[in-house]
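Structure first, commentary second.
Laboratory data are not the source of any read-out in this text; all were calculated from the coordinates shown. Source: prediction; values computed, not measured. All Cβ positions, even for glycine, are placed from backbone atoms using ideal geometry, and neighbour counts span all protein chains on display.
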Amino acid sequence: MDWGMANRLSQLIQKDGHALFMPVDHGYFQGPTTKLEKPREVIEPLLPYSDALFITRGVLRHCVDPDNTKPIILRVSGGASMVGKDLANEGLATSMEEAIRLNASAVGISVFVGSDYEKESLLNLAKLVDEGERYGIPVMAVTAVGKELDKRDARYLALASRIAAELGARVVKTYWCKGFEKVVQGCPVPVVMAGGPVTETELEVLDFVYDGMQKGAIGVNLGRNVWKNNYPVAMIKAIRAIIHDNSTPKQALEIYQTEKGNG
Ligand code: 5RP
């Protein structure tokens, strides 16, 4: 692996082999989604506990100061919205030149396996990988399901993750699911877990993050269950303890409860 690619990946994946990415990219198709209306206010307190930010160029330029030293994973797919016909109908919305200008450590793109736009999204990934490899910029593929949340079972996620890796993604972001080991074992590149919609209790998130880590995920790219929580800093600290300190869900919940009391 060339030095630039290796260097960028080592900024993203920490020395223990694990990673906590903080996604705040949801507005690219959801608009000012609840609790992310003012990205700067969400991002600033979470940054110290994040290993990287997953973010669009617009929010990066306007809501993150350029003296930021946390690695940036630039969301580069887009072109669809919650109110449009099909969330899967995305294209490449940001060029590799722009990613380089913004000093991105990686770029991220959604793929919609099984959708009407499967071929387009997979070929977008392949094209992005060609460009990323040329400049030493890793591509994170997001196995997206649009509004079809029921798709998130091991069979589908293993298929989508493997295809993304085969097309050259250096990291795959997918959902945790029952039988998650099938997803990780079938995917030859590091896997990070998204959080999905807000769960009923904090423990549910901590439980699945822990389970996913035991089954081989390298970490998370988990947003809503952190920044929609009433105590986002407490929540990220709890998740971080599982990712980087090997805490159990019970220990992590104790961290959440203690930190919650601190503000
Ligand atoms: C949204 C994304 C998010 O980065 C991803 O879904 C992770 O966020 P969450 O934990 O909120 O699901 O790709 O476009």
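Roughly what % of Cα-Cα distances in the chain sit above 33 Å, to the whole percent?
Working: 4087 of 34453 pairs.
Result: 12 percent of Cα pairs exceed 33 Å.
I'd like to compare 250-262, 157-169: which one has the highest average count of other Cβ atoms within 10 Å, and what's the full order after that? Please list the in-between numbers first.
Details: 250-262: 15.8, 157-169: 21.8.
In decreasing order of mean packing, 250-262, 157-169 become 157-169, 250-262.
Could you sort 79-85, 232-238 so that the peptide with the highest average Cβ count within 10 Å comes first and the rest follow in order? It would help to have the intermediate numbers written out before the result.
Values: 79-85: 12.1, 232-238: 23.1.
The most tightly packed comes first, giving 232-238, 79-85.
Return the lysines within reach of LYS260: Cα separation strictly under 16 angstrom, same-chain partners fewer than 8 residues apart disregarded; answer none if there are no such residues.
LYS228, LYS237, LYS250
Among LEU149, LEU203, what is the fewest-to-most ranking by other Cβ atoms within 10 Å?
Details: LEU149 10, LEU203 15.
Fewest-to-most Cβ neighbours within 10 Å comes out as LEU149, LEU203.
Using Cα positions and a limit of under 21 Å, work out the lysines in reach of LYS182, with same-chain residues fewer than 8 apart set aside.
List returned: LYS151, LYS173, LYS215.
Quick one: of the DSSP bridges fully inside the range 3-223, what percent are antiparallel, nearest 5?
On the way: 2 of 28 bridges.
The answer is about 5 percent antiparallel.
Beta carbons within 10 angstrom, averaged per residue: use that to sort the peptides 25-31, 96-102, 106-112, highest first.
106-112, 25-31, 96-102
Quick one: dipole size for the chain, taken about the Cα centre, charges +1 on Lys/Arg Cβ and -1 on Asp/Glu Cβ, in debye to the nearest 20.
Numbers: 30 positive and 32 negative charges, 8 e Å.
The calculated dipole for the chain is roughly 40 debye.
So between ASN68 and GLU148, what do we pick up on full extension, going 0.36 nm a residue minus the alpha carbon distance? Provide the component values of the computation, followed by the final result.
Numbers: separation 80, 0.36 × 80 = 28.80 nm, distance 3.56 nm.
Computed gain between ASN68 and GLU148 is 25.2 nm.
With charges only on Cβ, +1 for K and R and -1 for D and E, what is the dipole size of the range 104-248 about its Cα centre, in debye, rounded to 20?
Values: 17 positive and 17 negative charges, 27 e Å.
Dipole magnitude for the range 104-248 comes out near 140 debye.
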